[in-house]
Amino acid sequence: MSYYTVRVHLKQEVEGKGGDTKIKKVVEHYLVDAMSVTEAEIAVQNELKGYNFDYEVKGCNESKIIQVIEKTKPTT
């Protein structure tokens, strides 16, 4: 497997100072463990499914990251 970085553009509604609603544009990057670009894009789409905002996958590239090391809890 390889890691892929997936760039997603989001449009979120935020409440302004006067109580009005504004659209805020946000760019997020996801690191996905996948076998292909297509699989990585589908994984992000499945993750965002059900959220109440518009999004668009804008790009996906194979990452140079070779391994993700997760922090483990110390044994006591």
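No value in this document is a laboratory result; all are computed from the given coordinates. The shown structure was predicted, so the numbers you read here are calculated from the model rather than taken from an experiment. Every residue, glycine among them, receives a Cβ derived from its backbone with ideal geometry; neighbour counts consider all protein chains shown.
Taking a straight line from the alpha carbon of K24, these aspartates and glutamates sit under 15 Å away, with near neighbours fewer than eight places off in the same chain left out: E13, E15, D54, E56. Using the average count of surrounding beta-carbon atoms within 10 Å as a protection proxy, the listed peptides 16-24, 66-74 rank, highest first, as 16-24, 66-74. This model, with +1 at the C-beta of Lys and Arg and -1 at the C-beta of Asp and Glu, gives segment 6-62 a dipole about its Cα centre of some 340 debye. Give the shape of the chain as rounded, prolate or oblate, defined through the alpha-carbon gyration tensor: a ≥ b ≥ c are the square roots of its eigenvalues, a/c under 1.5 means rounded, and otherwise the shape is prolate if a/b is larger than b/c and oblate if not. Note, shape of the chain comes out oblate. Compared with the dominant principal axis of the Cα atoms in the chain, helix 37-48 is inclined by about 50°. The simple spin-label model puts a point 7 Å past each Cα toward its Cβ; for L31 and V57 those points are separated by 1.9 nm. Counting neighbouring beta carbons within 10 Å and listing from fewest to most, the residues V26, V6, V32 come out as V26, V32, V6. Ranking G18, L31, V8 by Cα position along the charge dipole of segment 6-62, where only Lys, Arg, Asp and Glu carry charges on their C-beta atoms, puts G18 farthest toward the positive end.
Helical content of the chain, expressed as a calculated mean residue ellipticity at 222 nm, amounts to -5000 deg cm²/dmol (DSSP H runs of 4 or more residues, -39,500 (n - 2.57) each, divided by residue number, nearest 500).
For each pair in K17/K49; K22/K64; K11/K64, compute the distance between the two Cα atoms and list the pairs where it is over 32 Å. Cα-Cα > 32 Å for K22/K64; rest within.
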